[in-house]
Amino acid sequence: MLSKLITTAAFIAIGTTAAFAHSTLETTEAHVGASYKAVIRVPHGCDGKPTIALRVQIPEGMIAAKPMPKPGWTLEKVKGAYEKSYDYFGTPMKEGVKEVVWKGGSLADDEYEEFVFRAFLTEGLPVGKTLYVPLVQECPDGATERWIEVPAEGKSGDDLEYPAPGIKLLEKKSGH
């Protein structure tokens, strides 16, 4: 009986570790029509290798992205056209940062780090749905961890091996 309990506890521990092994967002809910501070938590490298770059795709409807520089890392902002024009505090925005890349640093496989950017969640985003922020960790020798999988309608990120971090979109706050 005791050995069965120990085995069960070990499987639960392994499952719990796997659930926390992927890159996530610190804040998983945000209001549309407001700024959002994305804190990406990277808990490890790639199968024993250090992370040397992190690429974050800014999803459509998330505009005016401004990444936070990170000491020891080079910051690259890839700009492009949005699918449509968005109102950003009275100013129409048709293009902006579509991808943020931190590279040139080194995050050892047994270390933890956070990467930060701010962006505006436009009012047209679907309240009650999840907005996914795909990202790719790059490691030496071409090794990667691609956190880009988006669950099908009615499914959960728990069903995926490499789920993209997501933000549940909440109704716009009233007032300022």
Is it the case that some residue within the range 61-73 is over 14 Å from Trp147 (Cβ atoms) and touching a Pro at 6+ places or on another chain (Cβ under 8 Å)? no
Mind checking which residues of the range 157-176 are under 14 Å from the mean Cα position of the chain (by Cα) and open to solvent by 50 Å² or more (accessible area, probe 1.4 Å)? Tyr162, Lys168
Against the definition (in contact (Cβ under 8 Å) with a residue 40 or more places away in the chain and touching a helix residue (DSSP H, G or I) at 6+ places or on another chain (Cβ under 8 Å)), how does Ile63 come out, yes or no? no
Thr91 passes all but one of (1) closer than 20 Å to Ala30 by Cα; (2) open to solvent by 20 Å² or more (accessible area, probe 1.4 Å); which number fails? (1)
Suppose we filter the range 46-59 for residues that are surrounded by 22 or more Cβ atoms within 10 Å (Cβ to Cβ) and not in a strand (DSSP E or B); how many remain? 1
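The values are calculated or read from the model by the stated rules, or taken from the named source; none is laboratory data. None of the values given here were measured: they were computed from a predicted structure. Virtual Cβ from ideal backbone geometry, glycine too; neighbours counted across all protein chains shown. These area figures cover heavy atoms from the full protein model, side chains too; ligands, DNA and RNA do not enter into them. Shrake-Rupley method; radii C 1.70, N 1.55, O 1.52, S 1.80 Å.
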